[in-house]
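To keep things clear, I will list the structure first and then write my remarks on it.
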Amino acid sequence: MKKIDNQALVIFGASGDLTYRKLIPSVFDLYMNNSLPQGYAVLGVSRSKFTDSEFRKKMKEGIQAFSHFKNAPAEKINSFLKKIFYISIDTQKSEDYKLVKNKLRDLNAKFDLGCNYIFYLSTPPKLYGVIPKYLYGQGLTLQQKGFRRIIIEKPFGHDLKSAQELNDLLTDFFEEEQIYRIDHYLGKETVQNLMVTRFSNGVFEPLWNRNFVQHVEITAAESIGVEGRGGYYDSAGVMRDMIQNHLLQVATLVAMEPPSKIDPEEIRHEKLKVLRALRPLTDEDLKKNVIRGQYTESHVKGKHLIGYRQEEDVDKNSRTETYFAMKFFIDNWRWSGVPFYIRSGKRLPTRVSEIVIHFKPSPTQLFKSIDGAVEAGNQLILRIQPDEGILLKTGMKVPGKGYEVRSVNVDFHYSDLKDHYIPEAYERLILDCMIGDNTLYMSGESAELTWKFVQPILDYWEKDADAPLYGYPAASWGPDNADELIEGENQTWRYPCKNLADDGIYCEL
Ligand code: BG6
């Protein structure tokens, strides 16, 4: 691993939820894993008024609730907290950035930071256009003495046009290599394992193409609803919240060609090639291959679950989608003719993210299958979360007379590893930015290409009042007609359960 220089992390939006739940607990995890350099400081910046000690107290609670090391001894937590500072500014006022500059000058002297700064924008997106400009105004983006990097949280734009404008604006003040567009799914250990599974096993890669793969399924299901984020969610929907970013990024890792070496440039280049090869959606696709839904109230296990329109800060007539599924194609040599299916939703029966590679069935059905699964072809399931692992569904002879076949599981669970510390996505991504490795961050072009791909869907929903929005009862698997998307007789989505090895529509309800 590259040497980590002394440096500071400056978090804008430090009084927000992300800082409390993810960023500071992840930096603390880095501290506990001895990954922070000797000279290190965190500077929280927000509008809310806190003293250093009030801010540290709040961050301590965050660590004790969300860190991997939540039970760390108090002295450890306290010594980490001494590296954390806070200033309150009006982020809309250019002159207030002088305070940031002065504070960094002091911290730099105190901790020997080498003038190396990462600016993390964890603010409402409207500030993405303001903060870079004012940092530039103070000379804080120029890499004359140390490095200067900027991390931008999602959403990266609201549509293609705004993403292009944001890219233009950022590159007015930072070089592309200084910009780290975060997609926390790419920081997940199991998402990174995708490349390792594919490119380190001679057994999978030869099969990973149109000759052997029938279709690919990618699911990110959540059982929670909008959890107090109704205001944001109602203007985003699952398309902007999960599909345009997390799921399409995962799809590029499933579909990319092997890079010639493990190097940020090479990997980003291969991923871009996939996005450039996405088949543009036609009007017919919009009508047939895209399904959106919204959860309605229901009763599950004696509990009443409210519908999306009853959620706080959600328009009572909202047509925002909380479920989305689609079929699409990648027009390149490897994937020609292979359908890709992606789906994501809130208030589904369980929280599961996984990729299912459906292989073509054997050319002739010599044996009788007692559960139908084998006839449908083997499945390789790469589980992102929870019960992280890999499962291969394969046919095996039922012991006894005759040649009946049933589907059995060959499975590996990360929890079986002796040392199965799985770092939080943010821990890994912050560390990568500290080192200057942007492999797991999105390039500007990648962000624009994903918006370009989904833009016709957004336009269709906005302009066509007849574009269907299906209701589905909270805690069900989404609209019934989602199964109709999947090509082939008797083919449905896999209905995963919390445990990797189980499946079936009702297992979690
Ligand atoms: C975020 C979305 O990006 O990802 C949330 O804004 C969603 O709505 C979350 O709940 C899911 O992330 P994870 O890591 O829990 O799968």
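The values are calculated or read from the model by the stated rules, or taken from the named source; none is laboratory data. Only a predicted model underlies this, so the values are computations on that prediction, with no experimental measurement involved. As a convention, Cβ positions derive from the backbone with ideal geometry for all residues, glycine included, and neighbour counts pool all protein chains shown.
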(message) Can you tell me how many residues within the stretch 182-214 are in contact with a Phe, Trp or Tyr (Cβ under 6 Å, 6 or more places away or on another chain) and free of Cβ contacts under 8 Å to residues at least 12 places away in the same chain?
(response) 0
(message) Of everything in the stretch 25-84, what is in contact with a His (Cβ under 6 Å, 6 or more places away or on another chain) and farther than 15 Å from Met434 by Cα? Give them in sequence order.
(response) none
(message) For the stretch 415-442, which positions are of a type in the set (Phe, Trp, Tyr) and crowded, with 18+ Cβ neighbours inside 10 Å?
(response) Tyr426, Tyr441
(request) Quick one: Ile118 ticks every box in (1) under 27 Å from the mean Cα position of the chain (by Cα); (2) away from the ligand (no atom under 16 Å from the Cβ); (3) in a loop (DSSP other than H, G, I, E, B) except a single one, so which number is it? (result) (3)
(request) Taking Lys498 as meeting all but one of (1) under 25 Å from the mean Cα position of the chain (by Cα); (2) free of Cβ contacts under 8 Å to residues at least 40 places away in the same chain, write down the number of the exception. (result) (2)
(message) Under 9 Å between Cβ atoms, which residue pairs at least 6 apart in sequence (or on different chains) link something in the stretch 160-181 that is part of a helix (DSSP H, G or I) with a partner that is surrounded by fewer than 21 Cβ atoms within 10 Å (Cβ to Cβ) and among the aliphatic types (A, V, I, L, M)?
(response) Leu160/Leu458
(message) Quick test of your reading of the structure: Val356 fulfils all but one of (1) within 17 Å of Val238 (Cβ to Cβ); (2) part of a strand (DSSP E or B); (3) touching a Ser or Thr at 6+ places or on another chain (Cβ under 9 Å). Name the failing condition by number.
(response) (1)
(request) Within the stretch 173-187, track down each residue that is surrounded by fewer than 22 Cβ atoms within 10 Å (Cβ to Cβ) and among the acidic types (Asp, Glu). (result) Glu175, Glu176, Glu177
(message) Name the single residue that is farthest from Asp5 (Cα to Cα) among those in the stretch 121-141 being among the β-branched types (Val, Ile, Thr) and assigned to a loop (DSSP other than H, G, I, E, B).
(response) Val130
(request) Give the residue, chosen from Tyr341, Tyr403, that is surrounded by fewer than 22 Cβ atoms within 10 Å (Cβ to Cβ) and away from the ligand (no atom under 16 Å from the Cβ). (result) Tyr403
(message) Please go through the stretch 298-325 and give me each residue that is assigned to a loop (DSSP other than H, G, I, E, B) and surrounded by fewer than 15 Cβ atoms within 10 Å (Cβ to Cβ), ordered by number.
(response) Lys301, Gly302, Glu312, Asp313, Asp315, Lys316, Asn317
(message) Given the criteria modelled with pLDDT under 95 and either under 23 Å from the mean Cα position of the chain (by Cα) or under 27 Å from Val274 (Cα atoms) (or both), does Ile457 qualify?
(response) no
(request) Give me a count of the residues in the stretch 344-358 that are within 19 Å of Val250 (Cα to Cα) and away from the ligand (no atom under 14 Å from the Cβ). (result) 3
(request) Mind counting the residues in the stretch 450-484 that are in contact (Cβ under 8 Å) with a residue 24 or more places away in the chain and in a helix (DSSP H, G or I)? (result) 13
(request) Look through the stretch 194-247, keep the residues that are touching a Pro at 6+ places or on another chain (Cβ under 9 Å), in a helix (DSSP H, G or I) and polar (S, T, N, Q), and return whichever of them is farthest from the ligand (Cβ to nearest atom). (result) Gln244
(request) Consider only pairs whose beta carbons are under 6 Å apart and that are at least six residues apart or on different chains; among these, list those whose first residue lies in the stretch 369-385 and is farther than 23 Å from Lys498 by Cβ and among the aliphatic types (A, V, I, L, M) and whose second residue is within 16 Å of the ligand (Cβ to nearest atom) and at pLDDT 95 or above. (result) none
